[in-house]
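Report on the structure given below.
The values are calculated or read from the model by the stated rules, or taken from the named source; none is laboratory data. The structure presented is a predicted model; accordingly, all values stated were derived computationally and were not measured. Cβ sites come from the backbone with ideal geometry, for glycine too, and all protein chains shown count toward neighbours. In case anyone asks, the SASA skips ligands and DNA or RNA and just uses the protein heavy atoms, side chains included. Shrake-Rupley method; radii C 1.70, N 1.55, O 1.52, S 1.80 Å.
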Amino acid sequence: MAQIKAKTEKAQPIGQTPEETPPTSTSTSDVDDFFSSRESGPTSLKDFLGHMKEPVEEMEPPPGFDDPEEEEMSEEDREAAAYLDYDEEHEMTAFLLLSNLDRVLAFLFSLISGDDMEKYRRRGNQLKGQEKDLELQVAAALVKKYQMRMSLEWMFATAIVMGYGPIAVKAVSDRKRIKKEKEEAERRRQAEERFQTAP
Amino acid sequence: MRDAQTTIVVGKNGTGKSTLILKVIKKMKRRAVVVTYDGMPKIWRNTPIIDPSKKENWQWERGIRQIRFAQHDDDTYEYILKYGRDLIVLFDDCKEYIPNNIDGKIFLKRILSQFRHRMFDLFFIAHAPDDVPKRIWIYYSHVFIFATDVLFDKRRVKIGSAGRILAAQHRVNRKFAQAKAKGNNGHYGIFEIVSP
């Protein structure tokens, strides 16, 4: 055992990832012993090798085995399946887009109804805990399909614009309203003055 | 006599998984083809490369040949199915070219469903359990558990042996960490084998 370990240490240069630097050995049995000595668990390497060395049974293929008319996916279906195999990054981008769209639509509905826009929101602001509904899945697939990549800076800018855009619009309408109220108050004040100074 | 088997090997870099599996397939004394993405892994650099699209390239008598997936992309699966028979098929670092959702990979699905009839002993090597598509876990007969930072996700792959795989991972990771702490490279080659 000490001999095997010594050989192993010699084989692996310092500072180099040992992934493809197996323990060098002059005999195959040394390598067998090396791995066997380190394994544990109910199934041993010896049992596994013993089983795998047995000849493989030849099986008669069932009828129609290589039938060319066996069901195949169309090219479009294959493509769609490939796009649906999206990563977390695609999902995150899709969520950001849907969340911003949700805010825009909620704002539009609030303009129609005159009520608070939060009442019309369907999505929260965090992906964590969100249900992975069909919209999110399809959006993520579309992000993958069109290779949409958003830099962090762009994501931040989009989130700020979408977040504060409706507020900016509200601020403008508030300004008009306040100006109108002030003008109305001024007219009333002038009307009162005229009334008091009239002979 | 035995049925053809599907074996999964998971472990992070530097744990000895490729070295062990090379040893295993040599001991099995069957013809073998190893699929790498681009032929780069050092352990396979001396393995002769074949063009799988040519039938005559599949006629070797013994030993290991290598296929570079990047040469024919997804058509590689079709060639394995069309020309391969009675051999070991080893997918090294399979995450590089096998996606999690294999629904669109019709020929890979056929390899998985027909491996017994084709007499393929399949080996899938990956760095983590998540790198192996869900469907392959349904077919496995043995899994070699080397040390890995990513634990088996029981919610993603609902199989009866999930608990035993996780328990094996914990044991192996513990032994790996203890051996590595000693600083004498004794952490190399620590593994367990789990069957369904």
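Of note:
- Note, ³J(HN,Hα) from phi for the stretch A:136-147, Karplus 6.51, -1.76, 1.60, rounded to Hz, x at Gly and Pro: 5, 5, 5, 4, 5, 5, 5, 4, 5, 4, 9, 6
- Across all Cα atoms of the stretch B:39-124, the radius of gyration (one decimal) and Dmax (whole number) stand at 12.4, 35 Å.
- For B:Val35, the residues whose modelled amide H falls within less than 5 Å of its own, excluding neighbours fewer than 5 places apart on the same chain, are B:Ile67, B:Leu90, B:Phe91, B:Asp92.
- Exceedance of the 23 Å cut-off in Cα-Cα distance is limited, within the set B:Lys26/B:Lys158; B:Lys42/B:Lys95; B:Lys12/B:Lys182; B:Lys26/B:Lys134; B:Lys12/B:Lys95; B:Lys54/B:Lys134, to B:Lys26/B:Lys158; B:Lys26/B:Lys134; B:Lys54/B:Lys134.
- The HN-Hα couplings worked out from phi for the stretch B:59-71 by the Karplus form 6.51 cos²θ - 1.76 cosθ + 1.60 (θ = phi - 60°) are 9, 5, 7, 8, x, 10, 10, 10, 10, 8, 4, 4, 5 Hz, whole numbers, x standing for Gly and Pro.
- Dividing the summed helix terms, -39500 (n - 2.57) for each DSSP H run of n ≥ 4, by the number of residues in chain B produces a 222 nm estimate of -10000 deg cm²/dmol to the nearest 500.
- Kirkwood Rh in Å, taken over all unlike Cα pairs in chain B: 17.2 Å
- Length-normalised contact order of the stretch B:1-137 in % [C-alpha pairs under 8 Å, at least 6 apart]: 35 percent
- J(HN,Hα) series, the stretch A:80-96, from Karplus relation 6.51 cos²θ - 1.76 cosθ + 1.60, nearest Hz, glycine and proline x: 4, 4, 5, 5, 6, 8, 8, 9, 4, 4, 5, 5, 5, 4, 4, 4, 4
- Efficiency of FRET between B:Asp38 and A:Val161 - r from beta-carbon atoms, R0 41 angstrom, step 0.05: 0.45
- The distance between label points at B:Tyr139 and B:Arg116 comes to 1.2 nm (points 7 Å beyond Cα on the Cα→Cβ vector).
- A simple spin-label model places pseudo-atoms 7 Å from Cα toward Cβ; at A:Glu60 and A:Leu105 they are separated by 5.9 nm.
- The contact between chain A and chain B removes approximately 4600 Å² from the accessible area (both sides summed; 1.4 Å probe; ligands, DNA and RNA excluded).
- Under 5 Å, built H, 5+ apart or other chain: amide partners of B:Ile49: B:Gln66
- Percent of beta bridges antiparallel (DSSP, chain B, rounded to nearest 5): 15 percent
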